[in-house]
Amino acid sequence: MKKLKKHIWLIVFTLILSGNVYAQDQKIGYYESDFVLSKIPEYSGIEQRLKVLSDGWKNEIQELRLEIENLEEDYAAKEILYTEEIKKEKIQEINTKKKQLDNFTAQKFGPDGEYFQKQKELLEPIQRQVFAAVRNVAQRNGLDFVFDRSGDIYMVYARGEWNLNEQVLLELGIEIEQ
């Protein structure tokens, strides 16, 4: 996601600097997706569901780590008493547990893991709504570019009149108190 934002920025700035597009003729706005999402009631429920899910998996990971640590301590304490065959068995048992931990961690939190799949499944509908609202606000205001100021995007200065947060929230049917 962060790489995608960087690529989009690079493309936009390349277009602006290319000579075919004159920056002074462009209308640019921004919004902060973190702020907008924090105001959407369903979003906090999704965050809670994801936290409960990840906390359970983190507990399982911690239990596996503790089990590995105990096996390693037990092996270190009794190593001189073991025959070569038993040493190999104990080392194999420790390595098997480590692989089990690695596989479990990748299965739950890896790039294609269950956590990110669930996150995508739950957040995608809300993100589509927000993007549609941003597009509608941008079209209504005749904007050429809209940037998301949340995350890695760094803006040194932005005039408040181009802040679309409130308009995006209104487009989503969410009124905020001022």
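Annotation: amide H of K39 has no partner in the under-5 Å range at sequence separation 5 or more or interchain, hydrogens built in the peptide plane.
For segment 52-122, build the charge dipole from Cβ charges (+1 Lys, Arg; -1 Asp, Glu) around the Cα centre, then report which of G110, I68, I94 sits farthest towards its positive end. Projecting each Cα onto the dipole axis, the largest value belongs to G110.
Please go through the residue pairs K90/K118; K58/K87; K58/K120; K78/K98 and name each one whose alpha carbons sit more than 27 Å apart in this structure.
Over 27 Å apart, Cα to Cα: K90/K118; K58/K87.
How charged is the neighbourhood of E60? Take every other residue with its Cβ under 14 Å from the Cβ of E60, and add Lys/Arg as +1 and Asp/Glu as -1. Here the charged neighbours net out to -1.
3J(HN,Hα) along segment 95-106: 5, 5, 5, 5, 5, 4, 4, 4, 5, 5, 4, 5 Hz, from the Karplus curve 6.51 cos²θ - 1.76 cosθ + 1.60 with θ = phi - 60°, whole Hz, x for Gly and Pro.
No lab work stands behind these numbers, since they all come straight from the coordinates. It should be emphasised that the depicted structure is a prediction, and the values quoted were computed from it without experimental measurement. Note that each Cβ is placed from the backbone with ideal geometry, even for glycine, and that neighbours are counted across all protein chains shown.
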